[in-house]
1. Of all residues in the stretch 26-49, which are out of contact with any Gly (no Cβ under 7 Å at 6 or more places or on another chain), at pLDDT 80 or above and surrounded by 15 or more Cβ atoms within 10 Å (Cβ to Cβ)?
2. Can you tell me which condition Leu52 does not meet? The list is (1) aliphatic (A, V, I, L, M); (2) loosely packed, with under 15 Cβ neighbours inside 10 Å; (3) at pLDDT below 90, and all the others hold.
3. Before we move on, is Asp92 assigned to a strand (DSSP E or B), among the charged types (D, E, K, R) and closer than 28 Å to Ser150 by Cβ?
4. When residues of the stretch 132-147 are filtered for being under 19 Å from Arg63 (Cβ atoms) and not in a loop (DSSP other than H, G, I, E, B), how many remain?
5. I'd like the residue in the stretch 67-80 that is surrounded by fewer than 22 Cβ atoms within 10 Å (Cβ to Cβ) and β-branched (Val, Ile, Thr) and, out of all such residues, is modelled with the lowest pLDDT.
6. Which of the residues spanning the stretch 55-66 are more than 8 Å from the chain's Cα centre (by Cα) and surrounded by 18 or more Cβ atoms within 10 Å (Cβ to Cβ)?
7. Could you tell me whether Gly111 is surrounded by fewer than 16 Cβ atoms within 10 Å (Cβ to Cβ) and more than 11 Å from the chain's Cα centre (by Cα)?
8. I'd like to check something: does the stretch 96-118 contain any residue that is modelled with pLDDT of 90 or more, outside any strand (DSSP E or B), in contact with a strand residue (DSSP E or B) (Cβ under 6 Å, 6 or more places away or on another chain) and closer than 22 Å to Gln26 by Cβ?
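The values are calculated or read from the model by the stated rules, or taken from the named source; none is laboratory data. No experiment lies behind these values; they were computed from the predicted model shown. Methodologically, a virtual Cβ is constructed for each residue, glycine included, from the backbone with ideal geometry; neighbour enumeration extends over all protein chains shown.
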Amino acid sequence: MATNLRCPRCRTWNLPTARFCGRCGQRLADPEPSAIPSPRHPDPLKPPESCLPCEGFPDLFYRWESSWGGVMLSGTETIAIVLFNAGYPLEDVVVKIRGLGPNQHEVFAVGREIGVLPRGRTLTVEVPSYELPAPACAIAVTVVSGRYGSGA
């Protein structure tokens with residue numbers, strides 16, 4: 001007798017004949033959820049004002065500032081990237097942080113392992129001044145990899 005399948009992302013039980021989760025759309029034939037999360041949560045939280053969406057994941061947002069708080073003063077101090085998760089809980093998240101110059105050319109790129117980022121939580125990641133070869137006029141954050149965590 002066939003048993004129901006449990007979705008690896010949202011943990012919803014599905015019929016054994018289902019190819020996709022009836023709640024979140026995850027392909028059930030895959031042994032693990034997507035390497036890079038991409039579907040939106042059905043009820044995403046509202047991100048804080050001034051946050052921008054991360055590339056590669058629609059429910060992860062960021063803002064950047066001086067690690068001392070507020071506006072960058074010299075452009076060479078440590079940068080704080082504040083991430084906010086408005087969607088599914090995430091685990092093993094890796095992001096790429098790119099600093100862009102005045103002409104939108106890349107002045108630096110660094111990777112960071114985030115680890116766990118629960119739904120509705122913020123996490124601050126710093127890029128120290130010694131990793132900044134030039135001041136950045138803008139920051140772009142891209143989700144490189146990750147998976148949905150428990151309780152998704």
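1. Answer for the stretch 26-49, where residues must be out of contact with any Gly (no Cβ under 7 Å at 6 or more places or on another chain), at pLDDT 80 or above and surrounded by 15 or more Cβ atoms within 10 Å (Cβ to Cβ): just Pro47.
2. (3)
3. Yes, satisfied.
4. Total meeting the criteria: 6.
5. Ranking the candidates gives Thr76 first.
6. Once the filter is applied, which keeps residues that are more than 8 Å from the chain's Cα centre (by Cα) and surrounded by 18 or more Cβ atoms within 10 Å (Cβ to Cβ), the stretch 55-66 yields Tyr62, Arg63, Trp64.
7. Yes, satisfied.
8. Checked the stretch 96-118: no residue is modelled with pLDDT of 90 or more, outside any strand (DSSP E or B), in contact with a strand residue (DSSP E or B) (Cβ under 6 Å, 6 or more places away or on another chain) and closer than 22 Å to Gln26 by Cβ.
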